[in-house]
1. What number of residues within the range 35-68 are surrounded by fewer than 20 Cβ atoms within 10 Å (Cβ to Cβ), assigned to a loop (DSSP other than H, G, I, E, B) and among the acidic types (Asp, Glu)?
2. Which residues, taken from the range 182-212, are within 17 Å of Asn161 (Cα to Cα), within 22 Å of the chain's Cα centre (by Cα) and not in a helix (DSSP H, G or I)?
3. Only one residue in Asp158, Asp222 is buried (at least 20 other Cβ atoms within 10 Å of the Cβ), within 22 Å of His266 (Cβ to Cβ), charged (D, E, K, R) and in contact with a Pro (Cβ under 9 Å, 6 or more places away or on another chain). Which one?
4. Tell me the residue from Gly67, Gly41 that is more than 16 Å from ligand 2 (Cβ to nearest atom) and in contact with a His (Cβ under 6 Å, 6 or more places away or on another chain), please.
5. Being in contact with a Leu (Cβ under 8 Å, 6 or more places away or on another chain), modelled with pLDDT of 95 or more, more than 16 Å from ligand 1 (Cβ to nearest atom) and within 28 Å of Met260 (Cβ to Cβ) is the requirement here; does Ala153 meet it?
6. Looking at Cys148, Cys132, Cys181, can you tell me which residue is more than 16 Å from ligand 1 (Cβ to nearest atom) and within 21 Å of Met227 (Cβ to Cβ)?
7. Consider only pairs whose beta carbons are under 6 Å apart and that are at least six residues apart or on different chains; among these, list those whose first residue lies in the range 243-256 and is closer than 14 Å to Gly278 by Cα and at pLDDT 95 or above and whose second residue is crowded, with 16+ Cβ neighbours inside 10 Å and among the hydroxyl-bearing types (Ser, Thr, Tyr).
8. Which of the residues that make up the range 77-115 are surrounded by fewer than 18 Cβ atoms within 10 Å (Cβ to Cβ) and of a type in the set (Gly, Ala, Ser)?
Amino acid sequence: MQKDLLCLYDLAKEDISNIFDKASYLKQKQKSGEEYHPLRGKTLGMIFEKPSTRTRVSFEVGAFQLGGSSVYLRWKDTQLGRGESISDTARVLSRYLDGIMIRTFSQETLEEFASSSDVPVINGLTDLYHPCQILADIFTVKEKRGTCDGLKAVYIGDGNNIAHSWINAALRLGFDLTLACPEGHFPDSFVMERAQRESESKIVNISDPYVAVKGADVISTDTWVSMGQEKEYRERIKAFKNFQVNENLIAASKKDVMVMHCLPAHRGEEITDAVMDGKNSVVFDQAENRLHIQKAVLDIFMAS
Ligand code: CP
Ligand code: NVA
């Protein structure tokens, strides 16, 4: 197992299975009110350069439930905001903390931090990847469907961090993934081509969302305007208008297709109210599972 969790590409299929098994075990323990404190005496640092609801709260509550504590650090309020180097910061924080979760812009910043840190570093979202989210998403699929074997997953919308982590997950777990992303907003070509080259399953990008969703077990989407892209709002709304997950699109898929969204949703843009709140939606189970997955990640990467 790696020291850090920077992206799903770095994990083996067995590592991902272990995270799912642990999450399932911890979820059962929590539901039955049984205490379990593998992080007793340990502290997680959480550095945020972007806003967050789910990631911050699930990691913070998760660390507490496992008997540890956490420190929330807003990037700008630390000396990082005044130019202290990433490497010096990582070296200092490693002397106080037992693990560090970071949400930042570039994957390179995260990698630089991890390479100077003596303690595990966990990706809480970068512009390129959001591994903890997709672990929770696929854990949800497994809970509902039993297995990822034979899964046909579809991702509609922006070829962003969520799309990239779905691509890495399809590669590592061996399920089929069809993406429908508009011209100019395709997934990163390095991430996509590497997965296509190395995967035994089918990972493709097609232009028509209605063709993509045929026979799908899962339809996932995400915002059209990610954090940091606010200035592109107008042109993005135009570019993505035919890629909305709405009732017509769901009707073109399987009756029991699961609709997923990492949240926050922009209702009326990438997804409609009717679909978010409809019978196919599993978005709130997905959100809950962030907690159980985060606890599994902390237990596996930080406790031992
Ligand atoms: N899905 C997700 O990461 O949500 P937050 O931005 O609220 O953490
Ligand atoms: N793609 C979105 C995901 C938010 C959880 C963003 O980066 O803002």
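1. Going through the range 35-68 one residue at a time, the tally reaches 1.
2. Within the range 182-212, Pro182, His185, Phe186, Pro187, Asp188, Ile203, Val204, Asn205 meet the criteria.
3. Values: Asp222 fails: in contact with a Pro (Cβ under 9 Å, 6 or more places away or on another chain).
Criteria check complete, one pass: Asp158.
4. Testing whether each residue is more than 16 Å from ligand 2 (Cβ to nearest atom) and in contact with a His (Cβ under 6 Å, 6 or more places away or on another chain) leaves just Gly67.
5. So Ala153 fits the description; yes.
6. Cys181
7. Val245/Thr221; Asn246/Thr272
8. Answer for the range 77-115, where residues must be surrounded by fewer than 18 Cβ atoms within 10 Å (Cβ to Cβ) and of a type in the set (Gly, Ala, Ser): Gly81, Gly83, Ser85, Ser87, Ser106, Ser115.
The values are calculated or read from the model by the stated rules, or taken from the named source; none is laboratory data. Worth saying up front: this structure is predicted, and the values here are computed from it rather than measured. Please note: Cβ atoms are built from the backbone with ideal geometry, for glycine as well, and neighbour counts cover all protein chains shown.
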